[in-house]
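The structure appears right after this line, and notes come after that.
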Amino acid sequence: MSTSPQGRAARTGPDGTTDGAGASLRTVACANCGRTNRIPAAAEGSPRCGHCRAPLPWIAEAGDADFGEIAEQASLPVLVDLWATWCGPCRMVSPALERVAEDLAGRIKLVKIDIDKSPSLARRFEVQAVPTLLILDHGRPVARKTGAAPANALRQWVDESLSAPGGPADPISRRPR
């Protein structure tokens, strides 16, 4: 295992890349210009294409150790997918959630958590069934959904959750805490 200049253990992203600080990177093609971009799991602001500046979908994986940095400190509302590898409905919902993240690029961040690898988060969010979906605003849960649903129903739930009074799109709730 390699370490970063800061002494942290380097993590490898799904495509085998890491940034200099050890944070995992995900490779994403820009829907606007087609260029490939490397997106860190945690960063300030929201990712934009390095070429055309279009918003990019922000999809990351997190676990017990890095959930705070990746999800709770995100500047965007976070759609959390608590799933398991053995769960058939989870595998069905995953591509639909990625489409939602792509459609709402620059407005939400999708964070996936394997509950078998992150039991503390499963307990913290009182997961009784998978998939369990949460929307977090500044680390605070504002919406919850359990079970699989068709892609259009998932998108509708996310849209309604983002625009609900007290939800992430409410100007009053978007004030920094």
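Each value in this text was obtained by applying a stated rule to the coordinates, not by laboratory testing. These numbers were taken from a predicted model, which means no experiment stands behind them. Cβ coordinates were reconstructed from backbone atoms using ideal geometry, including for glycine residues, and neighbour counts include every protein chain displayed.
Report the FRET efficiency, 1/(1 + (r/R0)^6), for Asn152 and His51, where r is their Cβ-Cβ distance and R0 is 30 Å, rounded to 0.05. Could the numbers behind the result be given before it?
Numbers: r = 32 Å, r/R0 = 1.05.
About 0.45, to the nearest 0.05.
Go ahead and run the numbers for FRET between Ala65 and Ala129, Cβ-Cβ distance against an R0 of 22 Å, rounding to 0.05.
Working: r = 25 Å, r/R0 = 1.11.
Computed FRET efficiency for Ala65 and Ala129 comes out at 0.35.
Any chance you could get the radius of gyration and Dmax over the Cα atoms of the stretch 80-177, in Å?
Radius of gyration, then largest Cα-Cα span, for the stretch 80-177: 13.3, 40 Å.
With viscosity set to 0.692 mPa s at 37 °C, what whole-number translational diffusion coefficient in µm²/s follows for the stretch 25-107 from Stokes-Einstein and a Kirkwood radius over Cα pairs?
Details: Rh = 13.6 Å.
For the chosen part, D equals 242 µm²/s.
Please list, in order along the stretch 97-113, the HN-Hα scalar couplings obtained from phi with the Karplus expression 6.51 cos²θ - 1.76 cosθ + 1.60 (θ = phi - 60°), rounded to whole Hz, x for Gly and Pro.
5, 5, 5, 4, 4, 5, 5, 9, 3, x, 10, 9, 10, 9, 10, 9, 10
Between Trp86 and Arg140, what's the calculated FRET efficiency when r is the beta-carbon distance and R0 is 25 Å? Round to 0.05.
Numbers: r = 30 Å, r/R0 = 1.20.
My answer for the efficiency is 0.25.
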